[in-house]
Amino acid sequence: MAVDLRDPGETFLAFWREYHVCTLTTPRPDGTPHVVAVGGTYAPEDGERGIARVIANRHSRKVANVLAAGPDGARAALCQVAGRHWATLEGVARIRAEPEEVAYAVERYTARYGRTPSPNPDRVVIEITLTRAMGRT
């Protein structure tokens, strides 16, 4: 079921505030999907249609996949499921390494998951500018 990114609805937003492990799908350089479990956050108030974020190590495969796509970014999907409820956020992923962007992403992660990640000087943010959302929440 399609979700309006400009007005996703309280049920959809509440589902993205709950503690759920997500999956992040990015394209490998050969075009095949790389799917990995992550902690993800959704900020509907950021950008024109919202931004999803995943904190990651700059040396990870998921970061390499996004970087390999070039400056225009990589298509990506962040999903979560709980029983019969599910939600997917799709968009264009880019890597952000600015300290203030990393700190903001860590704040959002901490708020959602109830724990502050260990310090990591190699931490970056996979920032997904959203283009589509769907789900059954």
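The values are calculated or read from the model by the stated rules, or taken from the named source; none is laboratory data. Everything quoted here is computed from the prediction, not taken from an experiment. With ideal geometry, Cβ positions are generated from the backbone for all residues, glycine too; neighbour counts draw on all protein chains shown. The protein model used for the area step is the full one, side chains on, heavy atoms only, and it has no ligands, DNA or RNA in it. Shrake-Rupley method; radii C 1.70, N 1.55, O 1.52, S 1.80 Å.
The chymotrypsin sites (Phe, Trp or Tyr not before Pro) found in segment 1-69 that occupy coil by DSSP, while having at most 16 further C-beta atoms within 10 Å, are 19.
Rounded if a/c is under 1.5, else prolate if a/b beats b/c, else oblate: with a ≥ b ≥ c from the C-alpha gyration tensor eigenvalues square-rooted, which is segment 67-115? Taking the square roots of the gyration eigenvalues as a ≥ b ≥ c, segment 67-115 is oblate. Please give the Cα centre distance for segment 94-117 versus segment 47-75, rounded to the nearest Å. Taking the Cα centre of each part, segment 94-117 and segment 47-75 sit 14 Å apart. Put simply, the convex hull of the Cα atoms in the chain casts, on average, a shadow of 8.0 nm². Over segment 7-87, the Kirkwood radius and the radius of gyration, each from Cα atoms, give a ratio Rg/Rh of 0.98.
For segment 29-68, what does the alpha-carbon gyration tensor say about shape, rounded, prolate or oblate, given a ≥ b ≥ c as the root eigenvalues, a/c under 1.5 as rounded, and a/b over b/c as prolate?
On the way: a/c = 2.24, a/b = 1.82, b/c = 1.23.
Cα axes put segment 29-68 in the prolate bin.
Computed in the context of the full set of protein chains, the accessible area of the chain at 1.4 Å probe radius has 54% of its extent on carbon or sulfur. Full extension of the segment from residue 85 to residue 37, taken as 0.36 nm per residue of separation minus the current Cα-Cα distance, would add 15.5 nm.
Here is the result for segment 19-73: no trypsin sites (Lys or Arg not before Pro) lie in DSSP coil with at most 13 other C-beta atoms within 10 angstrom of their C-beta. In this structure the chain gives 52 Å² per residue of accessible area when probed at 1.4 Å with all protein chains present.
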